[in-house]
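Written out below as structure tokens is the structure these notes cover.
The values are calculated or read from the model by the stated rules, or taken from the named source; none is laboratory data. All figures in this text were calculated on a predicted structure; none of them were measured in a lab. Cβ sites come from the backbone with ideal geometry, for glycine too, and all protein chains shown count toward neighbours.
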Amino acid sequence: MTSSNKLTPYIYLAPMLALLAFVFGFSFIRVFEFSFKMVRGIDGPWIGLRNYQLVLSQPLFWESVKHNLLLLLAIPAMVGIALLLSLLLYDRLRGWKIYRTILFFPYILAIPIIAVVMKQMFQFSGPVNEVLRWLSLDFMTLDWIGSTDVALWTVMLLIIWRESALGVILFLSRLLSLDEALIEAARLDGANWWQRAWYVLIPQMRSVIEFYVVISVITMLSAVFAYVYMMGGGRGGPGTSTMVTELYIYNALTRTSLPGVASAVAVMLFVVSLMLTYVLFVVRRRADEEEA
Amino acid sequence: MTDKANPAQQIGRRKFLQTTAAGAGTLALGSLFGPLPAQAKNPELNMWWWGEQELPGLQAYINESVAKYTAATVKPMLQETAVVISQFQTAAAAGTPPDLQYLWNGIYHMESVWLGYLKPLNGLMSEDTLRASNPTILSNYGGNTYRAGWYPLPMVWYYNKDMFDKAGLNADTPPTTWPELLDACEKLKIAGFEPLGGGVQDGYWAEWYMSHAFVQSLDTVGEAVELFIGDKDFNDPRYHECWVRLEELRKLGYLNKDMPSLELYPGIDLVVAGKLGIGQSVGSRLPADSKATNGRIGSMVMPVFGKGKLAGKPIVDMQGLGISEKSANPEAAAAFLEYLNTPERLEAFYKATGWLPSSSRFNSDLIQDASVKNMWKAWGQSPNITNVTSLMPGQFYEQAAIPTGQQVVQGKLTGEQAGELAARVAKEWREFNPDLVEKYQKWVIDLSK
């Protein structure tokens with residue numbers, strides 16, 4: 001490749017990079033700058049690493065991090081559900097295209113809409129508990145959104161339900177691109193549904209599963225704000241039981257007048273997300289190589 | 001659209017060019033000879049306000065007031081709830097604030113005072129008008145008053161008179177002491193009702209509970225600030241007694257079962273619907289709730305358990321308006337505030353919103369509903385105190401005031417543990433905000449008067 005050829009992709013990228021720098025560049029630099037300042041109004045004195053020290057010594061911050069990490073437990077469930085549903089759809093059951101649309105529907109709806117409905121459903125005197133009582137399953141009735149012990153798990157249920165839809169679509173797309181001759185050969189060799197799935201289909205889906213897992217990890221660590229905001233009464237409640245790092249940043253910025261502290265946490269979250277994005281790129285590159 | 005309806009279309013291109021040329025010439029000459037005399041122009045005022053969200057009809061009132069006002073051209077802009085403070089502070093920092101700004105009480109505007117974004121109103125407005133507007137003690141700093149009161153929010157406890165009757169209680173004499181409250185709750189419970197509570201899921205119930213209960217341990221509003229700045233301690237039983245009492249209500253089974261999962265307003269609706277005996281509310285709801293129940297909603301002050309001098313006093317929070325430090329026309333802005341406080345405008349406020357303006361100049365004989373009239377007599381026209389939660393630092397409000405109430409209601413925290421959490425969060429706030437601690441220390445002087 002000549003040197004001018006090497007430059008070509010960068011020339012194509014340049015306008016977009018310039019646009020990104022224009023839109024995000026200044027704010028991005030200011031966030032880094034603010035993380036070292038005690039900001040009042042729109043600026044403040046330089047205080048070095050004090051914001052980071054304060055945040056890292058605060059129990060609430062670590063509780064928020066713990067909740068983000070607990071939400072990672074949703075990922076195996078999401079992968080399992082999405083895998084099962086996509087494999088069932090791949091069998092082209094009668095009306096499978098309609099099922100596919102229905103399954104993807106939660107992902108199209110905005111999170112606040114879903115969360116408002118779910119909040120009504122999961123109230124102590126709401127439909128979910130009413131149905132459980134009607135079925136004489138009183139022991140299963142819980143204060144789904146009002147109890148500090150249960151609220152985070154309820155949020156997790158909502159996340160699993162909605163985010164699994166993305167998995168179904170990703171997995172089904174991959175399945176539909178596979179060479180059907182292999183599956184047909186396995187079928188002729190007498191492999192049952194489970195054996196075909198486990199030995200033939202899933203191994204070929206490895207790259208897309210990895211991609212979905214990495215995307216989901218990023219979601220759980222840095223993109224669950226809308227879920228917890230809506231379900232946790234706008235405050236990560238009850239108590240601090242659904243507080244996550246994004247909400248911590250939002251509160252520090254808008255409710256406790258601590259833009260410097262918000263910036264420090266944002267910088268830390270950015271670094272973590274950056275590392276995860278790097279992992280994502282590695283996974284995608286490997287997937288591309290496999291497909292090639 | 002007809003030509004008659006749009007005169008601009010009747011102007012020919014030639015005429016347009018002639019006019020434009022003449023205008024450009026005037027501008028050019030104007031720049032040579034300097035600006036025209038200021039008195040030739042009506043002052044222009046920008047007013048950023050909020051309140052339609054909680055008081056429907058306010059927009060109509062503002063529009064009407066602005067249209068009728070001839071001494072200045074006022075351009076109002078209704079703000080979004082989430083940006084009332086940040087939008088103003090950003091504009092003020094950039095040197096382009098509105099002349100008039102809506103201001104919530106206490107710390108919600110005091111930070112702007114400390115940043116130098118607001119002008120003292122004493123000296124700009126007449127002392128009589130300012131005092132009559134009821135700005136509350138939380139608007140004072142360094143001997144100056146930075147807000148004029150606009151409309152009040154009496155903090156009340158609701159009770160359902162029909163439920164009181166059915167439980168064998170006297171609906172005309174609600175409980176005033178803690179033992180009387182426990183007795184009323186017991187009787188309501190025996191009658192098959194859920195006695196007390198509301199909805200704490202979104203946290204506001206916990207805040208309001210502190211407004212009513214925490215204040216009962218205080219002798220002055222400034223004493224609350226002493227707890228935040230570390231001169232006093234929430235671990236002292238006196239200062240966490242409010243949560244101990246809440247724990248007592250829970251243990252006795254007096255709180256409604258779905259309280260942790262309900263939000264504030266659905267919780268208040270339970271009292272109005274006759275499903276909950278007693279609950280917290282805000283006076284501005286009373287006209288509608290009284291109408292919906294044919295006057296069967298009563299309002300009362302939280303029954304007294306505390307020994308502080310502020311115990312048992314009705315609480316009135318106040319929304320307000322202020323003037324930016326960098327307003328180009330502070331005198332004109334103050335004149336507009338004076339205009340809003342004229343008896344004619346106060347009456348117009350009541351007619352447009354169905355709610356009361358805060359000024360004592362308002363003729364309360366205009367109030368039709370007996371429940372509202374009685375409530376205003378007891379809250380607005382009697383000695384009252386301000387809402388102490390309005391001076392809480394945001395960090396304390398978010399991380400202590402609300403989580404403590406929610407967790408005590410659930411039984412996850414005892415009253416004493418709530419005090420420990422509050423003490424820890426107050427300490428954290430001091431570490432995070434050493435500069436604000438100094439400001440609060442100065443504010444105590446105004447608040448303890």
Practice prompt. Taking A:Ser147 as the residue in question, decide whether it is surrounded by 13 or more Cβ atoms within 10 Å (Cβ to Cβ) and within 13 Å of chain B (Cβ to nearest Cβ).
Written response: yes
Worksheet item: Across the stretch A:248-270, what is the number of residues that are within 11 Å of another protein chain (Cβ to nearest Cβ) and surrounded by fewer than 23 Cβ atoms within 10 Å (Cβ to Cβ)?
Response: 5
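Might you check whether a residue that is over 30 Å from B:Gln406 (Cβ atoms), under 20 Å from the mean Cα position of the chain (by Cα), away from chain B (no Cβ under 14 Å) and at pLDDT below 95 occurs anywhere in the stretch A:110-127? Spell out how you get there, then give the answer.
Residues of the stretch A:110-127 that are over 30 Å from B:Gln406 (Cβ atoms), as a first pass: none.
No, the stretch A:110-127 contains no residue that is over 30 Å from B:Gln406 (Cβ atoms), under 20 Å from the mean Cα position of the chain (by Cα), away from chain B (no Cβ under 14 Å) and at pLDDT below 95.
So in the stretch A:161-212, with the set limited to residues that are among the polar types (S, T, N, Q) and touching a helix residue (DSSP H, G or I) at 6+ places or on another chain (Cβ under 6 Å), which one is surrounded by the most Cβ atoms within 10 Å (Cβ to Cβ)? Even if it seems obvious, please write down each step before you answer.
Pass one, the stretch A:161-212, residues among the polar types (S, T, N, Q): A:164, A:173, A:177, A:192, A:195, A:204, A:207.
Going one step further and asking which of them are touching a helix residue (DSSP H, G or I) at 6+ places or on another chain (Cβ under 6 Å), we end up with A:164, A:207.
Numbers: A:Ser164: 26, A:Ser207: 17.
Here the residue is A:Ser164.
If only one of B:Lys275, B:Lys251 is closer than 28 Å to A:Gly232 by Cβ and within 14 Å of another protein chain (Cβ to nearest Cβ), which one is it?
Numbers: B:Lys251 fails: within 14 Å of another protein chain (Cβ to nearest Cβ).
One residue alone meets the criteria, B:Lys275.
Applying the selection to the stretch B:158-194, what residues are β-branched (Val, Ile, Thr) and over 14 Å from B:Val301 (Cβ atoms)? First the steps, then the outcome.
The initial filter retains those residues of the stretch B:158-194 that are β-branched (Val, Ile, Thr), namely B:173, B:176-177, B:190.
Within the stretch B:158-194, just B:Ile190 meets the criteria.
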Practice prompt. Output the number of the condition that A:Lys6 fails; it satisfies all remaining conditions of (1) of a type in the set (Lys, Arg); (2) over 25 Å from B:Trp114 (Cα atoms); (3) within 13 Å of another protein chain (Cβ to nearest Cβ).
Written response: (3)
Item to complete: Write out, first by first residue and then by second, each pair whose Cβ atoms fall under 8 Å of each other, whose residues are 6+ apart or on separate chains, and whose first residue, in the stretch A:265-278, is closer than 18 Å to A:Val213 by Cα while the second is aliphatic (A, V, I, L, M).
Response: A:Val272/A:Leu221; A:Ser273/A:Ile218; A:Ser273/A:Leu221; A:Leu276/A:Val214; A:Leu276/A:Val217; A:Leu276/A:Ile218; A:Leu276/A:Leu221; A:Thr277/A:Ile218
Practice prompt. Check off (1) in contact with a Pro (Cβ under 8 Å, 6 or more places away or on another chain); (2) in contact (Cβ under 8 Å) with a residue 60 or more places away in the chain; (3) under 25 Å from A:Ala252 (Cα atoms) for B:Ala72 and give me the number that stays unchecked.
Written response: (3)
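Quick check on the stretch A:222-236: of everything there that is surrounded by fewer than 24 Cβ atoms within 10 Å (Cβ to Cβ) and of a type in the set (Phe, Trp, Tyr), which residue is farthest from the other protein chains (Cβ to nearest Cβ)?
In the first step, residues of the stretch A:222-236 are kept if they are surrounded by fewer than 24 Cβ atoms within 10 Å (Cβ to Cβ); the result is A:222-223, A:225-226, A:229-230, A:234.
Keeping just the survivors that are of a type in the set (Phe, Trp, Tyr) gives A:225, A:229.
On the way: A:Phe225: 14, A:Tyr229: 11 Å.
The extreme case among them is A:Phe225.
Residues that are free of Cβ contacts under 8 Å to residues at least 24 places away in the same chain and closer than 27 Å to A:Ala266 by Cβ: list the helices (runs of 4 or more DSSP H) wholly contained in the stretch A:151-254 that include at least 3 such residues.
Working: elements: A:151-176, A:180-188, A:206-222, A:225-231, A:245-254.
Where helices (runs of 4 or more DSSP H) fall fully within the stretch A:151-254 and carry at least 3 residues being free of Cβ contacts under 8 Å to residues at least 24 places away in the same chain and closer than 27 Å to A:Ala266 by Cβ, they are A:245-254.
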Item to complete: Kindly provide the set of residues from the stretch B:176-213 that are closer than 25 Å to B:Gln406 by Cβ, of a type outside the set (A, V, I, L, M) and touching a Pro at 6+ places or on another chain (Cβ under 6 Å), ordered by number.
Response: B:Trp178, B:Cys185, B:Lys189, B:Gly199
Discussion item. Looking only at residues that are more than 29 Å from B:Val221 (Cβ to Cβ) and basic (Lys, Arg) in the stretch B:131-187, which one is surrounded by the most Cβ atoms within 10 Å (Cβ to Cβ)?
Written reply: B:Lys161
Practice prompt. Kindly indicate whether B:His240 is over 17 Å from B:Pro175 (Cα atoms) and of a type outside the set (Gly, Ala, Ser).
Written response: yes
Worksheet entry | Members of the stretch B:367-409 that are more than 21 Å from B:Tyr108 (Cβ to Cβ), assigned to a helix (DSSP H, G or I), of a type in the set (A, V, I, L, M) and more than 14 Å from every other protein chain (Cβ to nearest Cβ) | B:Ala370, B:Val372, B:Met375, B:Ala378
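Quick check, is B:Thr129 away from every other protein chain (no Cβ under 14 Å), more than 18 Å from the chain's Cα centre (by Cα) and within 30 Å of B:Lys442 (Cα to Cα)? Break it down into steps so the answer makes sense when it comes.
Details: away from every other protein chain (no Cβ under 14 Å): yes; more than 18 Å from the chain's Cα centre (by Cα): yes; within 30 Å of B:Lys442 (Cα to Cα): yes.
Here the answer is yes, as B:Thr129 does meet what is asked.
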Item to complete: Please work out which residue is farthest from B:Ala148 (Cα to Cα), limiting yourself to the stretch B:93-103 and to residues that are modelled with pLDDT of 95 or more and not polar (S, T, N, Q).
Response: B:Pro97
Item to complete: List the number of the failed condition for B:Gly116; all other conditions in (1) touching an Asp or Glu at 6+ places or on another chain (Cβ under 9 Å); (2) farther than 30 Å from B:Asn433 by Cα; (3) surrounded by fewer than 21 Cβ atoms within 10 Å (Cβ to Cβ) hold.
Response: (2)
